[in-house]
1. I need the full set of residues from the range 184-198 which are open to solvent by less than 10 Å² (accessible area, probe 1.4 Å) and within 16 Å of ligand 1 (Cβ to nearest atom), in order please.
2. Any residue that is closer than 23 Å to Leu49 by Cα and open to solvent by 40 Å² or more (accessible area, probe 1.4 Å) - is there at least one of those in the range 279-286?
3. Restricting to the range 127-158, name every residue that is within 16 Å of ligand 2 (Cβ to nearest atom) and either open to solvent by 10 Å² or more (accessible area, probe 1.4 Å) or more than 21 Å from Val59 (Cα to Cα) (or both).
4. Can you pull out the residues in the range 84-126 that are away from ligand 2 (no atom under 15 Å from the Cβ), open to solvent by less than 60 Å² (accessible area, probe 1.4 Å) and not in a strand (DSSP E or B)?
5. What are the pairs with Cβ atoms under 6 angstrom where one residue, in the range 196-216, is under 13 Å from Val183 (Cβ atoms) and the other, located anywhere, is within 15 Å of ligand 2 (Cβ to nearest atom) and in a loop (DSSP other than H, G, I, E, B)? Sequence gap at least six, or different chains.
6. Is it the case that some residue within the range 228-241 is in contact with a Leu (Cβ under 8 Å, 6 or more places away or on another chain) and acidic (Asp, Glu)?
7. Quick one: in the range 215-245, which of the residues that are acidic (Asp, Glu) and either assigned to a helix (DSSP H, G or I) or more than 16 Å from ligand 2 (Cβ to nearest atom) (or both) is nearest to the chain's Cα centre (by Cα)?
8. I need a count of the residues in the range 199-214 that are in a helix (DSSP H, G or I) and either in the same structural domain as Gly116 (by the TED database) or surrounded by fewer than 20 Cβ atoms within 10 Å (Cβ to Cβ) (or both).
Amino acid sequence: MTTSMLAYLARRTPSTGASYLTRRGFASDSAPVRKVAILGAAGGIGQPLSLLMKLNPLVSRLALYDISGTPGVAADVSHINTRSEVLGFAGEEQLEKALKGADVVIIPAGVPRKPGMTRDDLFNINAGIVKSLCGAVAKYCPHALVNVISNPVNSTVPIASEVFKKAGTYDEKRLFGVTTLDVVRAKTFYAGKAKVNVADVNVPVVGGHAGVTILPLFSQATSSANLANEEIEALTKRTQDGGTEVVEAKAGKGSATLSMAYAGAIFADACLKGLNGVPDVVECSFVQSTVTDLPFFASKVRLGKNGVEEVLGLGALSDYEKQGLEALKPELKSSIEKGIKFANA
Ligand SMILES: NC(=O)c1ccc[n+]([C@@H]2O[C@H](COP(=O)([O-])OP(=O)(O)OC[C@H]3O[C@@H](n4cnc5c(N)ncnc54)[C@H](O)[C@@H]3O)[C@@H](O)[C@H]2O)c1
Ligand SMILES: O=C(O)C[C@H](O)C(=O)O
């Protein structure tokens, strides 16, 4: 979902609702039937993400699952006059119904950070949550594209891959760690510093999703601007610490939820467009990769009818980015190994 689409949706009145899909080239009766399931839909990310996915005309059925609270969220969101039918599911006994037939499963289930914590401090709780939810995905919708938001992403994605391997359903093209928020932040911070229109800015962010493993490639930013080395270093650090900036500002009341919902909706929309055969859909994501010597790595990915169509290379890096790449590898390697070990214990 693009910002212009959100602006358009905000502008339109209910009486013009029938025409907005046609204007975008997706008449509702010709857009394919697509089911999206959100696991953790009653949470801080889950609720605004449910809202944004309800606004997406590519979705025909929206399944909102959580351990509790989803009947209320679903009833609320279901009154919005857009294409999708919304159903709420609460408790494990309803997980099968939530997942059956899903084309895309988005997982923001799990605990968020408090000030002073690293994302890895969430491992003990969230690793088990992701393991069990992915077990259900393997059973009930093994062909779905899975968008993992739950932290630590650098470990939860490898956990998901091991669960799918054990179940005999693993397809590396269908598993994604959602790192879109890093790109969203890099674009915002860069546009602010370079004083360019944020709508024209793109910045690839590679590596992983924690601290120094987040590596924005400002040397490849569009629109280009002549920023000094110190400015690039400060932008890099701010992007790497973006999550902590929000955790500290929220002072114990959680981490990024609204910006994450926006980022998650953009990434899920890209997955749906890819499934629907829209050409040249490219987003950064943490996926199985041969771009470096690490088995998982975030980089630009071309999305298509089967999920990942192509994992794109890193392109030319500045010396500063080359150093950052080498510096992130030990931490990312150990987070990946931690996830794999946990899943096989
Ligand atoms: N990838 C990213 O860029 C990114 C960004 C922000 C937050 N996160 C992560 O997303 C996760 C969720 O954050 P939040 O702020 O929404 O937290 P939250 O506590 O507000 O919501 C989490 C939700 O998950 C639900 N949940 C817990 N166990 C579950 C289970 N077994 N099945 C289904 N639902 C379950 C909870 O009931 C709750 O509603 C955290 O791990 C956070 O670190 C990731
Ligand atoms: O920082 C966090 O813990 C949440 C998330 O990973 C983020 O980047 O905002």
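The values are calculated or read from the model by the stated rules, or taken from the named source; none is laboratory data. This is a predicted model, so every value here is computed, not measured. FYI the Cβ positions are ideal-geometry reconstructions off the backbone, even for glycines, and counts take in every protein chain you see. Ligands, DNA and RNA are stripped out before the accessible areas are found, and what is left, the full protein with its side chains, is counted by its heavy atoms. Shrake-Rupley method; radii C 1.70, N 1.55, O 1.52, S 1.80 Å.
1. Ala186
2. Yes, some residue in the range 279-286 is closer than 23 Å to Leu49 by Cα and open to solvent by 40 Å² or more (accessible area, probe 1.4 Å).
3. Applying the first criterion (within 16 Å of ligand 2 (Cβ to nearest atom)) to the range 127-158 yields 127, 129-130, 147-157.
Matches in the range 127-158: Ala127, Ile129, Val130, Ile149, Ser150, Asn151, Pro152, Val153, Asn154, Ser155, Thr156, Val157.
4. Ser84, Gly91, Leu95, Ala98, Leu99, Gly101, Ala102, Asp103
5. Short answer, once both residue conditions are applied: His209/Thr179.
6. No: the range 228-241 contains no residue that is in contact with a Leu (Cβ under 8 Å, 6 or more places away or on another chain) and acidic (Asp, Glu).
7. Glu245
8. Taking the range 199-214 as the starting set, the residues that turn out to be in a helix (DSSP H, G or I) are 199-200, 211-213.
Subsequent filtering for residues that are either in the same structural domain as Gly116 (by the TED database) or surrounded by fewer than 20 Cβ atoms within 10 Å (Cβ to Cβ) (or both) retains 199-200, 211-212.
Residues meeting the conditions: 4.
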